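The values are calculated or read from the model by the stated rules, or taken from the named source; none is laboratory data. This one's a predicted model, so the numbers in the text were calculated from it and none came from an experiment. Glycine gets a Cβ as well: all are built from the backbone with ideal geometry, and neighbour counts include every protein chain shown. In case anyone asks, the SASA skips ligands and DNA or RNA and just uses the protein heavy atoms, side chains included. Shrake-Rupley method; radii C 1.70, N 1.55, O 1.52, S 1.80 Å.
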Amino acid sequence: MKRGLFFVTCVLLATCLPVCAQRMLSLDSCRALALRNNKQLNVTRLKQDVARNTRKAVRTKYLPKVDLLGGYEYFSREISLLSNDQKGTLSNLGTNAVGGVSSHMNSVVTGMVERGLVTPEMAQHLGAIMTPVGEKVAAMGNQFGEELRDAFKTDTKNVWAASVMLQQPLYMGGAITAANQMADIREKMAVNENETVMQNTLLNIDQTYWTVVSLKSKHQLALSYRDLVQKLDEDVHKMIEQGVATRADGLKVDVRTNEADMQVTQVENGLSLAKMLLCQLCGLSLEEDIVLVDEVKEFDARQMAAGEANLVTDDLLMENTEENRPELRMLQNVIDMSRASTKLIRAAYLPQVALTGGYMVSNPNVFNGFQRKFAGVWNVGVMVRVPVWNWFEGEYKVRASKATTNIACMEMNDAQEKIDLQVAQSRYKVSEAQKRLAVTQKNIASADENLRCANVGFREGVIEATDVMAAQTAWHLAQSQRIDAEIDVRMSQIGLRRALGVLY
């Protein structure tokens with residue numbers, strides 16, 4: 001008893017494991033995964049962050065800027081206030097002065113001796129007295145001259161300097177205002193770019209999702225068609241054995257059976273590739289085993305496709321596409337950016353006024369001679385820049401910028417007309433898809449009845465195998481067209497929502 005219970009438990013677990021390994025996804029969950037994992041969408045979010053911080057940075061242009069500068073310099077030679085001749089003169093100041101006085105005194109004494117006012121002995125005695133006095137006076141004069149020379153020494157081989165500078169723009173010709181406008185526009189462009197990528201991502205997800213659902217329905221249809229052909233093949237071969245049918249009939253049915261097998265293989269491959277693409281768009285592993293909600297609810301999905309044929313109402317068609325389409329908003333941003341750029345170009349050729357101020361210290365300083373210690377000075381001023389002549393450069397640049405604005409306006413008008421045409425085309429496609437779905441639903445009833453009659457006639461021997469194969473082919477074609485029409489209704493509705501910019 002226990003072994004039997006254990007065996008049943010193992011079988012149930014083995015049966016449930018493949019089911020548990022599958023991942024069930026709805027359209028909303030696929031959208032959420034794509035919006036969270038899409039790399040291009042993440043890039044646009046980062047661009048929004050860049051634009052936001054850039055705008056904040058440009059806002060600081062209105063505020064004063066404070067800069068701190070500092071440095072040290074070593075010079076191989078110092079600044080000299082005296083020439084080399086002046087330095088030599090000061091070094092020999094006493095010698096030169098005493099030498100001139102001694103020469104003059106000698107000439108005076110010599111003249112007195114010649115006139116007999118003093119005797120030669122008295123002149124020699126006077127010279128002996130004046131010589132030591134002159135030497136002392138010369139030494140004192142030389143020392144004073146050297147001290148005076150040293151007082152003019154600057155000692156500027158090692159220079160330290162630092163300053164704090166403040167600058168407050170007062171009038172920049174409107175450049176700061178234009179730069180802030182451009183920063184605001186860039187932020188709006190980043191938001192619109194993000195919305196554009198988001199809508200394109202949702203469009204790809206919706207199209208791929210319903211493509212998978214369509215291929216799944218066609219896969220089931222291909223299996224049903226193969227079963228029909230295989231049943232016919234078995235009946236024909238039994239009839240050949242009984243001599244009722246020819247071998248040629250069997251070969252024709254065999255060829256049709258092989259075609260049905262190949263059709264199943266092709267649909268299976270297409271379904272696998274479509275699911276891999278859906279996984280890639282959702283940011284999942286390509287080998288992820290996924291099952292779509294509408295894939296396993298085939299009947300409900302068909303009724304939803306038929307019942308929501310009028311999903312896009314007239315009220316929705318009256319929505320303002322200029323406000324909903326991010327592409328148009330981006331083109332408007334380009335126009336606004338071009339106009340702000342024109343203002344910025346014009347501002348470069350207008351007068352500019354700024355308030356400046358600061359404090360500077362240096363060592364050595366020049367505020368009390370060349371003093372070897374730090375000392376500083378405050379300064380406040382106004383800086384004015386007025387362009388006088390630039391050979392009409394500014395005017396040419398403004399003209400070029402205005403021409404760029406006109407180009408952007410023309411491109412926006414052209415895009416608006418194309419979007420209006422796209423909306424009209426999408427509306428016609430929705431209407432055509434609805435009519436095609438109604439026609440295919442009627443064709444299904446005819447194909448079913450035709451196939452039923454062919455099978456009855458074949459069993460009674462009044463209809464050949466080729467007629468049955470033709471009825472099967474018509475039935476398969478009608479079923480395939482019905483699936484295409486159902487999905488086409490969905491795709492056309494998605495296309496119209498994308499054209500209106502309301503694909504959310």
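The residues in the stretch 340-363 that are under 23 Å from Lys397 (Cα atoms) and open to solvent by 40 Å² or more (accessible area, probe 1.4 Å) can be counted, and the count is 9. Within the stretch 442-455, is even one residue surrounded by fewer than 15 Cβ atoms within 10 Å (Cβ to Cβ), of a type in the set (A, V, I, L, M) and out of contact with any Lys or Arg (no Cβ under 7 Å at 6 or more places or on another chain)? Yes; the residues of the stretch 442-455 include at least one that is surrounded by fewer than 15 Cβ atoms within 10 Å (Cβ to Cβ), of a type in the set (A, V, I, L, M) and out of contact with any Lys or Arg (no Cβ under 7 Å at 6 or more places or on another chain). For the stretch 421-441, taking the residues that are of a type in the set (Val, Ile, Thr) and closer than 23 Å to Ser224 by Cβ, the one that is surrounded by the fewest Cβ atoms within 10 Å (Cβ to Cβ) is identified as Val439.
This table checks each residue for (1) in a strand (DSSP E or B); (2) under 30 Å from Ala34 (Cα atoms); (3) in contact with a Gly (Cβ under 8 Å, 6 or more places away or on another chain); (4) touching a residue at least 12 places away in the same chain (Cβ under 8 Å).
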| residue | (1), (2), (3), (4) |
| --- | --- |
| Val164 | yes, no, yes, yes |
| Met182 | no, no, no, yes |
| Asn194 | no, yes, no, yes |
| Val197 | no, yes, no, yes |
| Thr208 | no, yes, no, yes |
| Lys216 | no, yes, no, yes |
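Out of the residues in the stretch 248-270 that are farther than 12 Å from Asp227 by Cα and among the β-branched types (Val, Ile, Thr), state the one that is most open to solvent (accessible area, probe 1.4 Å). Out of the qualifying residues, it is Val255. Only one of the numbered conditions (1) among the small types (Gly, Ala, Ser); (2) assigned to a helix (DSSP H, G or I); (3) under 30 Å from Val468 (Cβ atoms) is not met by Ala190, and that is (3). In the stretch 377-389 there is no residue that is of a type outside the set (Gly, Ala, Ser), in a helix (DSSP H, G or I) and either within 30 Å of Ile335 (Cβ to Cβ) or modelled with pLDDT of 90 or more (or both).
The helices (runs of 4 or more DSSP H) found wholly in the stretch 250-326 and carrying at least 2 residues that are under 25 Å from Ala438 (Cα atoms) and modelled with pLDDT under 50 occupy 298-307, 314-317. Out of all the residues in the stretch 144-151, is one or more over 17 Å from Ser91 (Cα atoms), of a type in the set (Lys, Arg) and either in contact (Cβ under 8 Å) with a residue 40 or more places away in the chain or open to solvent by less than 40 Å² (accessible area, probe 1.4 Å) (or both)? Scanning the stretch 144-151 turns up no residue that is over 17 Å from Ser91 (Cα atoms), of a type in the set (Lys, Arg) and either in contact (Cβ under 8 Å) with a residue 40 or more places away in the chain or open to solvent by less than 40 Å² (accessible area, probe 1.4 Å) (or both). In the stretch 142-162, which residues are part of a loop (DSSP other than H, G, I, E, B), at pLDDT 80 or above and β-branched (Val, Ile, Thr)? The one that is part of a loop (DSSP other than H, G, I, E, B), at pLDDT 80 or above and β-branched (Val, Ile, Thr): Thr156.
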